[in-house]
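Beneath this line is the structure, given in structure tokens, with notes to follow.
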Amino acid sequence: MGLFGKRKEPDATANAQTLRTDLVADLPTGGEALPTSLTARSGFIKRANCSRCGAPKKLPSKTAYIYCDYCSALVDYDFRIANADTNAGITNTVFHRLIAPVQPAMEDAKARGDRDAYRTIQRNVFGQWVQLCPQAVSPRAKTDEDFRSRLVAYLAETAVTKDLDPAQAPLDIEMATLVGSLQRIPTPDGAWMISGPFWEMAALFKKQMDLAYALINSTGVNELDPDDTPPGVALQMEYSTFCQGWLAHLSAPDGQRLLDEFGLTGEYVKLEPQETNEYNCGGCGAQLHAVVGAQTIICEDCGAQLSIKAGPTPCGTCGAPLCFPPSASHLACPYCKSEIQHL
Ligand SMILES: [Zn+2]
Ligand SMILES: [Zn+2]
Ligand SMILES: [Zn+2]
């Protein structure tokens with residue numbers, strides 16, 4: 001999650017066991033709506049093919065997590081959409097606030113090589129972070145508790161793998177020195193620009209992440225990912241988080257250079273009209289547009305995975321054509337609350 005420049009704060013009194021909503025209390029809550037240029041009716045989509053079923057992505061995505069229109073596998077991550085979300089900086093801030101008070105305990109566990117203790121701390125931090133910042137992760141984590149707990153376990157394990165890798169230790173020291181040499185240059189409008197060894201720091205971040213994901217993949221930790229993320233995409237998400245955090249503090253040409261260096265420019269293709277069937281999500285009632293031939297899809301509003309193949313089950317009371325999650329045998333109609341059995 002782009003955890004460069006870990007701040008050390010002496011206050012270790014905070015109790016990380018309970019959800020601390022005070023951590024978000026004074027932060028803006030913007031970013032609820034994407035700019036219209038990037039929403040579902042935008043004219044371009046990122047060129048991507050599903051690594052599970054091979055289908056090209058055809059329908060626009062509301063979030064940066066691009067799911068297959070046919071089989072609901074995660075296909076890619078769209079930096080452009082992620083970057084349009086003004087919550088990006090907020091979620092990083094919340095993460096730093098959560099991690100700061102447990103930093104001494106983390107250092108302690110690290111020094112002892114105690115993976116279990118380190119994992120417990122990370123699960124706690126990520127567990128709270130995902131609850132406080134659901135917009136920072138896949139929409140599937142919104143209402144699917146099983147998905148959410150598997151995601152937290154996966155994120156914690158990636159941190160254990162990276163942070164306790166002896167090969168990272170000298171790089172961490174180098175990183176701390178570089179981050180310590182960065183300077184914030186205030187601008188008249190109150191924002192700040194970065195100066196100092198930024199490009200060395202960015203290159204080192206990339207090196208550390210490349211090393212971390214090589215280990216995550218070779219040790220099978222990637223298999224814990226509940227999204228079964230295609231090869232390379234998880235690393236790209238790390239790059240993306242890092243770039244999102246820094247873009248606001250760079251000039252436009254430097255911002256472009258950063259995206260080029262991290263390979264985040266992507267290729268966008270014109271959206272073609274698709275023949276779709278209209279259904280309603282059995283979880284939240286949202287209107288769904290499914291391509292003809294779709295098997296399972298993700299509802300981008302509530303994150304539910306839905307079976308499309310067998311067609312919808314109409315609500316016996318209000319008639320809404322509802323799609324069920326693959327494992328559900330019954331549900332309460334999101335409109336009229338009638339109990340419906342899956343056909
Ligand atoms: Zn697919
Ligand atoms: Zn839904
Ligand atoms: Zn109904």
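Coordinate-derived values only; no laboratory data. Since the model is a prediction, treat every value here as computed from it, not as a measurement. Please note: Cβ atoms are built from the backbone with ideal geometry, for glycine as well, and neighbour counts cover all protein chains shown.
Before moving on, here are some points about what is shown:
- Our compactness index for the stretch 276-341, the C-alpha radius of gyration over the empirical 2.2 N^0.38 Å, is 0.97.
- Cα-only radius of gyration and Dmax that characterise the stretch 98-165, units Å: 12.4, 37
- Within straight-line cross-link reach of Lys110, lysines at Cα separation under 20 Å, skipping those fewer than 8 residues along the same chain: Lys6, Lys8, Lys162
- Modelled label positions at Asp210 and Ile173, each set 7 Å beyond Cα in the direction of Cβ, lie 2.2 nm from each other.
- Ranked by how many other beta carbons lie within 10 Å on average, peptides 244-251, 329-336, 97-104, 268-275 from highest: 97-104, 244-251, 329-336, 268-275
- Descending semi-axes in Å of the chain, equivalent ellipsoid built from Cα gyration tensor: 37, 24, 19
- Ranked from largest, the principal axis spans of the Cα set of the stretch 158-245 equal 48, 28, 17 Å.
- Here Lys142 is the anchor, and the lysines within straight C-alpha reach of less than 20 Å, apart from those fewer than 8 places off in the same chain, are Lys62.
- Karplus 3J(HN,Hα) series, Hz, for the stretch 255-272 with 6.51 cos²θ - 1.76 cosθ + 1.60 (x for Gly, Pro): x, 5, 4, 4, 5, 5, 5, 9, x, 9, 6, x, 10, 10, 10, 5, 5, 9
- Ala73 long-range amide H proximity, modeled H, under 5 Å: Cys68
- The string of couplings for the stretch 285-290 from the Karplus curve (6.51, -1.76, 1.60, θ = phi - 60°) is x, 4, 6, 10, 10, 10 Hz, one whole number per residue in order, with x for Gly and Pro.
- Per-residue ³J(HN,Hα) for the stretch 321-329, Karplus 6.51 cos²θ - 1.76 cosθ + 1.60, θ = phi - 60°, Hz, x for Gly and Pro: x, 8, 9, 9, x, x, 9, 7, 9
- Distant-in-sequence amide contacts of Met193, defined by a placed amide H-H separation under 5 Å and a gap of 5 or more residues or a different chain, comprise Ile185, Thr187.
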